[in-house]
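One structure is given here, and the rest of the page talks about it.
The values are calculated or read from the model by the stated rules, or taken from the named source; none is laboratory data. Because the structure is predicted, anything quoted here is derived from the model rather than measured. Because the Cβ atoms are built from the backbone with ideal geometry, glycine has one as well, and the counts that use them run over all protein chains shown.
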Amino acid sequence: MREKTDIKSMNLTELTAFVESMGVRPFRAKQMYEWMHQKLAGSIDEMTNLSKEFRERLKQECAYTTLEQLEKRTSRQDGTRKYVFGLFDGNVIESVYMRYRFGGSVCISSQAGCRMGCKFCASGMNGLERSLTPSEMLEQVYAIQRDVGERISHVVVMGIGEPLDNYDNLLRFIEMISDEHGLHISQRNLTVSTCGIVPKIRELAGEGLKITLALSLHASTQKARQELMPIASKYALQDTIGACYFYFQETGRRMTFEYSLIEGVNDTDEDAGRLAELLSGTGCHVNLIPVNPVKEHMFAQPSKERALAFQNKLEKYGIHVTIRREMGRDIDAACGQLRKKHIEGRWGT
């Protein structure tokens, strides 16, 4: 049986060619595109300016990506919403909505599971199932915008999965989420996080994008990074930082470095000094993240005083640094936590 065409992953040019191949006038493609990516239609049946005959044909020949909301939790502390979505093949992913002064921000997943194996992260503890399609990435934003009833202004690809391990689909997602015929979210309001796939960072630098790239760094030495992040065994720390500096030079876009503070592991004054030296000249911003405990690994957050001391040390070296505001802590908003509970059948109430 022929696989159905994923029309929601097509850009407008491709969709127009597809519609014409069906013997239908090309202006119908723009109507369909608007229904999918502006009006955020939940089904082909909602496309009421298309003939019933054409809609039935589309349903027979095309896959229309939607997500099943398996669970939603809303934080009583700050209104953060955590979603667990089901995919067509039974896989599950997570997405998070966060409300800031500048507007609504969504953190989406790029894969079902992850094969990077970072020691402090719950996302990869069950391994990688598969990468997400562009439509599955887009639909996370669309489903949440429909749910909250207001426009999403910022998107972060920092949920489950390694985005640069799903490179081509990531590029298509960026193209379509920023398309003027769709939600038209500015690329400057898009952030992509990576654990450090060096060749892909360098390749991304040549794509002509205006996005922010965030590197999950988490250590100030090669040895410490290898212990926390298996990817460091493949790409040395200096090579990774070199790729980030290349990205900054090529794009003019300031890098963000994510640094999870782990008590007794990477939170000393010596770590701060080495980190400042490592990042000197990169024009970067450092985002300190008190680690979210994962019981299997027994990592602990440093005290607030220790985190502030680490921040102050970096600032004295001229590094622009903030401590990430913790949001949704009461609803397991850290990446992978709820998905892991769902997979293991330990759903809370």
*How many of the residues in the stretch 176-235 are hydrophobic (A, V, I, L, M, F, W, C), within 21 Å of Val155 (Cα to Cα) and in contact with a Cys (Cβ under 6 Å, 6 or more places away or on another chain)?*
1
*Any residue at all in the stretch 148-165 that is in contact (Cβ under 8 Å) with a residue 24 or more places away in the chain, over 22 Å from Ala214 (Cα atoms) and among the hydrophobic types (A, V, I, L, M, F, W, C)?*
yes
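Just to be sure I understand, how many residues within the stretch 94-114 are outside any strand (DSSP E or B), surrounded by fewer than 22 Cβ atoms within 10 Å (Cβ to Cβ) and in contact with a Ser or Thr (Cβ under 7 Å, 6 or more places away or on another chain)?
Of the residues in that region, 1 qualify.
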*asked:* Looking at the stretch 48-81 only, could you name the residues that are part of a loop (DSSP other than H, G, I, E, B) and farther than 17 Å from Ser9 by Cβ?
replied: Thr48, Asn49, Leu50, Ser51, Ser75, Arg76, Gln77, Asp78, Gly79, Thr80
*Given (1) touching a strand residue (DSSP E or B) at 6+ places or on another chain (Cβ under 6 Å); (2) part of a helix (DSSP H, G or I); (3) among the hydroxyl-bearing types (Ser, Thr, Tyr), number of the condition Tyr167 does not satisfy*: (1)
*For Thr48, all conditions in the list (1) of a type in the set (Ser, Thr, Tyr); (2) farther than 24 Å from Glu175 by Cβ; (3) surrounded by 14 or more Cβ atoms within 10 Å (Cβ to Cβ); (4) out of contact with any Asp or Glu (no Cβ under 9 Å at 6 or more places or on another chain) hold save one; what is the number of the exception?*
(3)
*For Arg28, which of the numbered conditions (1) touching a helix residue (DSSP H, G or I) at 6+ places or on another chain (Cβ under 9 Å); (2) free of Cβ contacts under 8 Å to residues at least 24 places away in the same chain fails to hold?*
(2)
*Return yes or no: is Arg99 over 23 Å from Tyr64 (Cα atoms), of a type in the set (D, E, K, R), more than 15 Å from the chain's Cα centre (by Cα) and modelled with pLDDT of 95 or more?*
no
*If you take the residues of the stretch 1-45 that are at pLDDT below 95 and of a type in the set (Lys, Arg), which of them is surrounded by the fewest Cβ atoms within 10 Å (Cβ to Cβ)?*
Arg2
*asked:* Could you check the stretch 130-164 and list, in sequence order, the residues that are surrounded by fewer than 17 Cβ atoms within 10 Å (Cβ to Cβ), out of contact with any helix residue (DSSP H, G or I) (no Cβ under 8 Å at 6 or more places or on another chain) and outside any loop (DSSP other than H, G, I, E, B)?
replied: Arg130, Arg146, Asp147, Val148
